Amino acid sequence: MSPGSASERRSQEERRGEAERRLLEAAAEAVAEFGPSQLTLATVGERAGYSRGLVTHHFGSKGAMMERLVGTVSEQFRDEILGTTGSGSAIEALRGFLDIYFTVVADLPPINRARLVLWADAVATPSERRAIVLASDREFREELTERITQGQRAGEFATEVDPRGLAITVVGVLRGIALQSMLDPELDLAAARRELEQMLFARLAPQHISDPHKEGQHR
């Protein structure tokens, strides 16, 4: 293969990748705005500045495009929220996780708004997309379960806490707050975060260890 041919192939791949990115962004915006049931390939193409034919060329069908969108928003959520491990204590790592989550919720970009809408749609409407949403949910819970377990091993969290049960509870609370904020932009997220942190760290703290964040406030 000549250098010119290799360069042309890379250029074609770049254009294809850029087109797919724009199409998925347009699909996320549309889903966040009026839901997946009213979404059409023509709408996505128009929003992205392309024709319906190009959308069909890339994805084949609305169902295939929606599956790709669910996978994309799930991957971005994982990278954005679960990719923060930190190198400090388990308490501070968990606090950092909450900080990132509430920062995202305070100004939800279309792709994260779409993720919440798609989650609700997966609950209400059985489809092949439900398996992708379920896998993402399980990964979220497993990550929190592991972080709680690590804190217990380090002696920072109470050993009587059920890590899996607490992870289910925390995910439920966080998602509930995010869904409420989509419906009511005036929701007091700062107050919600304070109350959640107090409940969570009170539950996690062993009898002989207090929350260092609260200690710092009293000094």
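Structural remarks
- Screening E156, E186 for residues that are part of a loop (DSSP other than H, G, I, E, B), free of Cβ contacts under 8 Å to residues at least 24 places away in the same chain and acidic (D, E) leaves exactly one candidate, E186.
- Only one of the numbered conditions (1) open to solvent by 60 Å² or more (accessible area, probe 1.4 Å); (2) modelled with pLDDT of 90 or more is not met by R130, and that is (2).
- Looking across V133, V123, V73, V105, one residue alone is over 18 Å from A27 (Cβ atoms) and touching a helix residue (DSSP H, G or I) at 6+ places or on another chain (Cβ under 6 Å). It is V105.
- Subset tally (residues that are among the hydroxyl-bearing types (S, T, Y) and at pLDDT below 95) for segment 160-200: 1
- Residue that is nearest to A190 (Cα to Cα), among those in segment 106-133 that are outside any helix (DSSP H, G or I) and not polar (S, T, N, Q): D107
- Scanning segment 27-40 for residues that are under 18 Å from the mean Cα position of the chain (by Cα) and assigned to a helix (DSSP H, G or I), we see that the one that is nearest to E75 (Cα to Cα) is A28.
- Pair list, Cβ < 9 Å and 6+ apart or interchain, from segment 120-139 residues that are over 25 Å from L166 (Cα atoms) and of a type in the set (G, A, S) to residues that are in a helix (DSSP H, G or I) and open to solvent by less than 70 Å² (accessible area, probe 1.4 Å): S127/G63; S127/M66; S127/E67; S127/D121
- Scanning segment 169-202 for residues being open to solvent by less than 50 Å² (accessible area, probe 1.4 Å) and among the polar types (S, T, N, Q) gives a total of 1.
- Among the numbered conditions (1) outside any helix (DSSP H, G or I); (2) surrounded by 13 or more Cβ atoms within 10 Å (Cβ to Cβ); (3) not aliphatic (A, V, I, L, M), the only one that S136 does not meet is (1).
- I177 in contact (Cβ under 8 Å) with a residue 60 or more places away in the chain, of a type in the set (A, V, I, L, M) and farther than 19 Å from A106 by Cβ: no
- Inter-residue pairs, beta-carbon under 6 Å, first closer than 19 Å to V117 by Cα and in segment 15-32, second among the charged types (D, E, K, R) and crowded, with 16+ Cβ neighbours inside 10 Å, 6+ apart: A26/R47; A32/R113
- Scan of segment 137-146 for residues that are farther than 14 Å from G172 by Cα and in contact with a helix residue (DSSP H, G or I) (Cβ under 6 Å, 6 or more places away or on another chain), ordered by number: E143
The values are calculated or read from the model by the stated rules, or taken from the named source; none is laboratory data. This one's a predicted model, so the numbers in the text were calculated from it and none came from an experiment. When we count neighbours, we look across all protein chains shown, and the Cβ atoms used for this are built from the backbone with ideal geometry, even at glycine. Note: accessible area is taken over every heavy atom of the protein model, side chains too, but ligands, DNA and RNA are not part of it. Shrake-Rupley method; radii C 1.70, N 1.55, O 1.52, S 1.80 Å.
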